[in-house]
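Chemist: Pasting in a structure now, in structure tokens, and then I'll have a few things to ask.
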Amino acid sequence: MFLSITKSHNRCSYYYFFSSSSSSKNKNWSLIHQIVKAFHNQQDPKPLNPILLSKLQLYHVPDVIISLQPKPFSAIRFFEWADSFFISPLSAPSFCALLHVLLQNQLFSRAACVFDKFIMQFGNDDDTLDAFRDGFCDLDSTNHSVVYGFLIESYCRKGMFDKSVDIFMHVCVKGIFVSPNVVYLLLGSLVDSHCVDVIVDKYGELCSAMREQPFSVYEFVMNRFMNKGEVEMGLRFHKALIQGGFGLDIITCNKILKDGQRLLLVALDKGIKLDVVGFSSAMDAYVKIRDVGRVIQIYKRMLNEGISPNVVSCSILIKGFCQNGRILEACGLFVQILKLGFEPSILTYSALIAGFCKSGNLRDGFYLYEDMIKKRCEPDTIVYSVLINGLCKQGLVGDALRFFFQAVNRGLSPNVFTLNTLLDSFCRLKCMVGAMKVYYLMGMLNIKADTVTYTILIKGAAQLGRVDEALMLFFQMLKKDFKPDVITYCTLIDGLCKLKKSSAGLCIFDFMCKNDVAPDIAIYNVLINMHSREGHLEAALGLFVHVVERGPKPDVFTFNTMICCYCNFKRLDDAVQLFAKMTSEQLRPNAITFTILIDAFCREGRMDDAMLMFSKMLEEGPEPNLVTYSCLIHGYFKSQSMMESGLKLYNEMLENNIAPNIVSYSILIDGLCKRGLMKEASCAFHCALDKHLLPDVIAYTILIRGYCKVGRLTEAMMLYDDMLLNRLTPDRFLERTLEEYQLKKAGAIHLCA
């Protein structure tokens, strides 16, 4: 509604601004000069004469902004002030002027924010956007290459590809040169949107824009399609260019055909005869996209056509089996290689060793490694890295370190990946001393740390609550000219937020944006979760709306966090609406999504709604987990009239082979105690002990309180003594419970006396 009210007004004011009739007649240069002077020196124009301010009109705003070009931040302050000063929204020329100032001063991230606000205000109105595009031509000293490059990038970022193409054609007509990076960005957006016809239609202009590298347009588009696995689209593009009469460089074509292994898959579908090398390449292409089903089909087709497999094709199939967790089949194929008289290659060994390590079978992985040594097949860096990674994943960091030094003695040239693996393992074990030793070892071995190295160290320090150390590592990283990536920023911001240093986390977020590192959805998830935990519902909702409307696209975790936030504020109807929105956008809810809603309904006593959600979960998936069942059982046990349903659900959980933990046992014990079934409650307690589940203070408190309620203080005190023997410190609630019941007992004895 806001746009419909203002659109016609702003369109008129835009043309009015750029018409020659308004160039001087309506301008009060004295007023403009005084406003400029005020904003040069201070943050708001309070000292200005109110009478003078009353003369300020919307059409003066662009002139003031342009006059503030040497002071871009003053221009921003004036723009924000003017936006709140005028009742009517600022006109398109005001946005144009501010973008001009920001781009002239290379404040690109600020310019992006202004552009986003412009699009939000004016929408996709063609007349306004066209006038906005043309408006930059009327501004003297504008670096048109930078400005129009920025507009192309911004429209691509907003998904407005038709407008980005319009801008590109506009600069071609005007003879303005834009950076090849901008052309690549435009091409990438068009490829990702499958706009093949547009690329072909504008192919001549795109090649001209690349000047010295005209054939790189073809190479870029084909590579992009191949890397995405969209071979048919690549072939369609290739065919359309030939039909359009465009000449293609044969060297570039051959390079694409050589690099694009997936073209072999098309050859297979067309019935073209391949040799063992061709079949192996086609198999490898499907292994890379983890489609082991097609790999097996191609392998069988090769056999049916009478082509004998070689060690390479067998090794590729072994790799495919191992990727899919089909280790037994991979082992069977390995035995077949030996029966055929082939010598397993380094590829064969590395694929099978990786499969063993991935499945946690380190013993057989090292057996194969020793077999390699015996057969004088020298392990390479990949084999050593896989084994070290396997040891680290099982927490055997000491063994991994010893094996690393053995490998170095055998001639291994360690790389940063191997040492980062060791580093990460020490950090996961919260052993920063060991991590720092590995870091210093990198220096001794002349291996340069990379962004991943620092990210791991920052994460390790943050997990231990060492905020100062994490920040020191971050700034040390900057000092050494490393560019933190989005994962580094996410790691640091997440660490700070978890330690309730939200202000510092937001400062790092602002720093990231100013350094033109685009936040991904993981970072927004961290910030939404932070606001949710701190009880700032509106702030969390604001960020959520931002990602829904402007990107990056929210994922399941984003929705889960926001649903949980609504539930914490007891806004269950909003939570359910968000759940419906999530499913309508084809995002599949996971077990956590359902459990959050089920738990919220149970806490509010809405057991019918909780069971409806549980039924939906059973029908559509995913499978309920222990936490889901525990929430429902606890909800039923809170109501005396529904305990039978709770016990029935508990038995159903056991029938589904979901083993209870100490929390679920505590819920069961609590429910039994509330019904006075102390024998059954005691049995459940000892059942937990038999399963080597160590009861916590809560479990003891529930059972002790149950004994007290039925007047069995002797058993309660015996359990209390047992708790102390197990070195569990009772909380104030338990102590007060025992004191109350002992006083009641003493009072009863006194009355009897």
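The values are calculated or read from the model by the stated rules, or taken from the named source; none is laboratory data. From a predicted model like this one, the values you see are computed outputs, not experimental measurements. Cβ sites come from the backbone with ideal geometry, for glycine too, and all protein chains shown count toward neighbours.
Chemist: Just need a number here: residues in the range 162-184 that are surrounded by fewer than 16 Cβ atoms within 10 Å (Cβ to Cβ), among the charged types (D, E, K, R) and either modelled with pLDDT of 80 or more or not in a helix (DSSP H, G or I) (or both).
Modeler: Residues that pass the stated criteria total 1.
Chemist: State whether the residues of the range 485-493 include one that is surrounded by fewer than 18 Cβ atoms within 10 Å (Cβ to Cβ), without any contact (Cβ under 8 Å) to a residue 12 or more places away in the chain and not in a loop (DSSP other than H, G, I, E, B).
Modeler: no
Chemist: Considering only the range 444-465, I want to know if a residue exists there that is over 26 Å from GLY398 (Cβ atoms), of a type outside the set (D, E, K, R), modelled with pLDDT under 90 and under 25 Å from the mean Cα position of the chain (by Cα).
Modeler: No.
Chemist: When you go through LYS300, LYS270 one by one, which is the residue that is assigned by TED's automatic domain parsing to the domain that holds THR348, loosely packed, with under 15 Cβ neighbours inside 10 Å and modelled with pLDDT of 70 or more?
Modeler: Criteria check complete, one pass: LYS300.
Chemist: Just one of GLY355, GLY398 is among the small types (Gly, Ala, Ser), more than 20 Å from GLY411 (Cβ to Cβ) and at pLDDT below 90; which is it?
Modeler: Of GLY355, GLY398, the one residue that is among the small types (Gly, Ala, Ser), more than 20 Å from GLY411 (Cβ to Cβ) and at pLDDT below 90 is GLY398.
Residues checked against (1) within 16 Å of CYS683 (Cβ to Cβ); (2) more than 50 Å from the chain's Cα centre (by Cα); (3) surrounded by fewer than 17 Cβ atoms within 10 Å (Cβ to Cβ); (4) not hydroxyl-bearing (Ser, Thr, Tyr):
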position	(1), (2), (3), (4)
ILE702	yes, no, no, yes
TYR707	yes, no, no, no
MET723	no, no, no, yes
LEU734	no, no, no, yes
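Chemist: Do we find that SER385 is in a loop (DSSP other than H, G, I, E, B), of a type in the set (S, T, N, Q) and within 29 Å of ILE458 (Cα to Cα) in this structure?
Modeler: No; evaluated as a whole, the condition is false for this residue.
Chemist: Could you run through the range 389-424 and say how many residues are closer than 25 Å to ARG376 by Cβ and among the hydroxyl-bearing types (Ser, Thr, Tyr)?
Modeler: 2
Chemist: If you don't mind, there's one more thing I want to ask. Considering every residue within the range 24-46, establish whether at least one is modelled with pLDDT under 70, within 26 Å of VAL147 (Cβ to Cβ), more than 47 Å from the chain's Cα centre (by Cα) and not polar (S, T, N, Q).
Modeler: Looking through the range 24-46, at least one residue is modelled with pLDDT under 70, within 26 Å of VAL147 (Cβ to Cβ), more than 47 Å from the chain's Cα centre (by Cα) and not polar (S, T, N, Q).
Chemist: Just the residues that are of a type in the set (D, E, K, R) and surrounded by 19 or more Cβ atoms within 10 Å (Cβ to Cβ), please, taken from the range 303-329.
Modeler: LYS319
Chemist: While we're here: Scan the range 423-437 and give yes if some residue there is part of a loop (DSSP other than H, G, I, E, B), under 29 Å from ILE373 (Cβ atoms), touching a residue at least 12 places away in the same chain (Cβ under 8 Å) and hydrophobic (A, V, I, L, M, F, W, C), otherwise no.
Modeler: No - not one qualifying residue is present in the range 423-437.
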